[in-house]
Amino acid sequence: MTKFKVKDLVIMALMLTFLIVASKISFNIGVIPITLQTFAVFLISLMLGSIKASIVILIYILIGLLGLPVFSSGGGFEYIYSPSFGFIIGFFFSALVTGLAKNMNKVGIISCTVLGLLIINICGVTYMYIIFNYHLHTAKDILWILSVGVLPFILKDLIVVIIVQIIYMRLKNIINPTYELNTIK
């Protein structure tokens, strides 16, 4: 079992807050809103690593399903019927992969982040297909799902991958990861 220090818990709480704020910055353009969630998920994953980042995102998902309005359009258990909920599920799996790049070079960071983006989109598209075709009973083919769930976001997401890598490389050099809070025992 992983033991977390007070410092770890504080940073994880701050990252959770960052994700919630990023979720609320959204612009509706259709079925799926444009948000800063992927930016937050990638940066959190790189800053915390796979385990801590996935825990933060799991807590985000759970508190959202419990009713706290942390998702872009609110919260509550009924959110599982939203066509966009699959992307939120994808954040968890993306954090596991993207977090592996925590101590990698630029190429490794971009590779893991692009793979994380692919995971988010696979989860999101699959979930949208199921919701539209089996829950809402609206016949939507995979091309339509891709046209509303992925294509409008490709350029934004690729720019996010590059910006996150740049920001992380600068933050990584500023923040000393070996610093310990010696005053708390």
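Figures for the structure shown
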| quantity | calculated |
| --- | --- |
| Farthest toward positive dipole pole in the chain [+1 Lys/Arg, -1 Asp/Glu at C-beta], among 84, 154, 14 | 14 |
| Helical segments meeting 24 Å axial Cα length and Kyte-Doolittle 0.0 threshold in the chain (DSSP H) | 6-24, 106-130, 154-174 |
| Over the chain, relative contact order from alpha-carbon pairs under 8 Å, at least 6 apart, % | 21 |
| Whole-angstrom gap from region 43-77 to region 17-38, using each part's C-alpha centre | 13 |
| Cα-only Debye scattering, region 3-90: base-10 log of I(q)/I(0) at q = 0.17, 0.26 Å⁻¹ | -0.67, -1.40 |
| Directionally averaged projected area (convex hull, Cα atoms, region 67-122), nm² | 4.3 |
| Calculated FRET efficiency for the pair residue 146/residue 17, C-beta based, R₀ 30 Å, to 0.05 | 0.35 |
| Assigned charges on the beta-carbon of Lys, Arg, Asp, Glu; region 6-174 dipole about Cα centre (debye) | 500 |
| Of (i) 59, 36, 30; (ii) 77, 33, 30; (iii) 143, 31, 30, the label for Cα extents along the principal axes in Å derived from the coordinates | (i) |
| For region 83-175: rounded, prolate or oblate by the Cα gyration tensor [a/c cutoff 1.5] | prolate |
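Each value in this text was obtained by applying a stated rule to the coordinates, not by laboratory testing. Computed from a predicted structure; not experimentally measured. Heads up, the Cβs are rebuilt from the backbone with ideal geometry, glycines too, and the neighbour counts pull from every protein chain shown.
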